[in-house]
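Engineer: Just dropping this structure here.
The values are calculated or read from the model by the stated rules, or taken from the named source; none is laboratory data. In this text the structure is predicted, and so the values were computed from the model without any measurement. Counting neighbours? That spans all protein chains shown, and the Cβs are built from the backbone with ideal geometry, glycine included.
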Amino acid sequence: MYLVINFIVLFTGVLTLLMYLRYRYVMRESTKPVERKHWPKITILIPVYNEEDVIEDTLKSVFSIDYPKEKLEIIVINDGSTDRTREILRRYEDRVRVIDKPNGGKADALNWGLREASGEFVAVLDSDTRVPPDVFKRILPYFNDPSVAAVDVTILPMNRRNLLERMQYIEYHIIAVYRKLLEAINAIYVTPGFAVYRTDVLKKLGGWDTKNLTEDIEIAWRILFNGYKIRMARDVVAYTIVPRSFWKFWKQRVRWNIGGLQTYIKYLKQGIRGKGPVSYYLIPFFSIGYMASMIGIFLFLYMGANVFVDTLLTWMYRILAGVFPPVELQVLVTYEWVLAALTLVLSFTLLFIALRHARYHPRLIDLFIYAFLYVGVFLPLLAYSFIKYIKGELAWFTR
């Protein structure tokens, strides 16, 4: 079983490396601001729930966007906030339309906003995310292709003081690079933080799924499943606030995992029988990933229990018998060690490729902590998410 999981990880790593070697040209793509005589109208949707600490800075970011003001419609959907969020929004009602509604979750809030949107394009902005002033002038050229239904950008953490924040900063750089790589096969499976959509496509597809905990994953899969494309403006960077404490980080990632599982299950049957990137890449990739994870979880528990019981019984015998033989260190080169070494080398190769394209050079100590400790959290995190999903505990986890 150990060989199986190592082989699966090695296989997916080699597949990623081959895909990079084949499609690395997409990394050189850059976007420049364009000027037009006629600009399309854009509706910006900002769903908020108890965001008194961040919403004002987010609105100032939106107000600084370099785009004809008469062509911008800003709609903030107040999803039943119980703090000072509504009071803060009241100060900006001359520039922002505010929709108040009972609390129903982010997807429900976005659907309320979509019904009122009058723009040709809809931009979805998380309430804790800041965008650059030229964001629309750099994104709109992607929509010259009528098959493009959505465009997302690089999302990076705004806060990176403590160790956990720095780990997420490394992770977000890597995610951005490989999400851009997936563009080459039209398999971008999530549109997080900030993304622009064609309004008519969103309405045609029925808006966001209110039953899914990660509406940005589900809508991306639905867009791809219906034959549209998603592009990424990798050199356009928006900044977001990431969890500062491990508990908030854990809750966020559990929600991401559960939402990903919901999406995978939803499209599994259709995807197996269908065509396109959902069927050819996303379903196989996530199937292999989930299988490897479940094997890994079982292997970890089985081997851990075995080692614990064997060690406990051995030392109990030695203590009772008064026998303490000298400890001998033996290193055996086996197929398992060779496979593990190849997996480690490949993993670091992919890590350095991503960071090189991200033009980010973290401290060496942070890099080792990321590779050997931070990444190790994901397996127990996924195991916990599996349990929550199976038990039907699908509550929304906030930041």
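Engineer: Tally time: how many residues in region 352-378 are surrounded by fewer than 16 Cβ atoms within 10 Å (Cβ to Cβ) and under 23 Å from VAL254 (Cβ atoms)?
Structural biologist: 7
Engineer: Could you tell me which of the residues TYR290, TYR264, TYR280 is out of contact with any Cys (no Cβ under 8 Å at 6 or more places or on another chain), aromatic (Phe, Trp, Tyr) and within 24 Å of THR343 (Cα to Cα)?
Structural biologist: Exactly one of TYR290, TYR264, TYR280 is out of contact with any Cys (no Cβ under 8 Å at 6 or more places or on another chain), aromatic (Phe, Trp, Tyr) and within 24 Å of THR343 (Cα to Cα), namely TYR290.
Engineer: Scan region 60-119 residue by residue and report those that are among the small types (Gly, Ala, Ser) and touching a helix residue (DSSP H, G or I) at 6+ places or on another chain (Cβ under 7 Å).
Structural biologist: Passing the criteria: ALA107, ALA117, GLY119.
Engineer: Separate question: ALA150 is checked against (1) in a helix (DSSP H, G or I); (2) under 23 Å from GLU218 (Cα atoms) and fails just one. What number does that condition carry?
Structural biologist: For ALA150, the failing item is (1).
Engineer: For residues in region 341-399 being small (Gly, Ala, Ser) and out of contact with any helix residue (DSSP H, G or I) (no Cβ under 7 Å at 6 or more places or on another chain), which is farthest from GLY289 (Cα to Cα)?
Structural biologist: Applying the filter and picking the extreme gives ALA395.
Engineer: Surrounded by fewer than 16 Cβ atoms within 10 Å (Cβ to Cβ) and under 21 Å from SER385 (Cβ atoms): which single residue out of LYS248, LYS275 fits that description?
Structural biologist: LYS248
Engineer: Report the residue count in region 160-179 for those that are among the charged types (D, E, K, R), touching a helix residue (DSSP H, G or I) at 6+ places or on another chain (Cβ under 6 Å) and at pLDDT 95 or above.
Structural biologist: Selection size over region 160-179: 1.
Engineer: Return the pair list, or none, for Cβ contacts closer than 7 Å from residues in region 27-41 that are farther than 11 Å from PRO68 by Cα to residues that are part of a loop (DSSP other than H, G, I, E, B), at least 6 apart or on different chains.
Structural biologist: Once the first residue is farther than 11 Å from PRO68 by Cα and sits in region 27-41, its partners that are part of a loop (DSSP other than H, G, I, E, B) give PRO33/ASP134.
Engineer: Looking at ARG161, ARG179 in this structure, which one is basic (Lys, Arg), closer than 22 Å to LEU355 by Cβ, out of contact with any Asp or Glu (no Cβ under 6 Å at 6 or more places or on another chain) and surrounded by fewer than 20 Cβ atoms within 10 Å (Cβ to Cβ)?
Structural biologist: When all the criteria are applied, what remains is ARG161.
Engineer: Turning to a different aspect of this structure: Out of ILE139, ILE155, ILE188, ILE170, I need the residue that is touching a residue at least 12 places away in the same chain (Cβ under 8 Å) and part of a strand (DSSP E or B). Which one?
Structural biologist: Residue meeting the stated conditions: ILE155.
This table checks each residue for (1) of a type in the set (Lys, Arg); (2) part of a loop (DSSP other than H, G, I, E, B).
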residue	(1), (2)
LYS180	yes, no
LYS211	yes, yes
ILE230	no, no
PRO243	no, yes
ARG255	yes, no
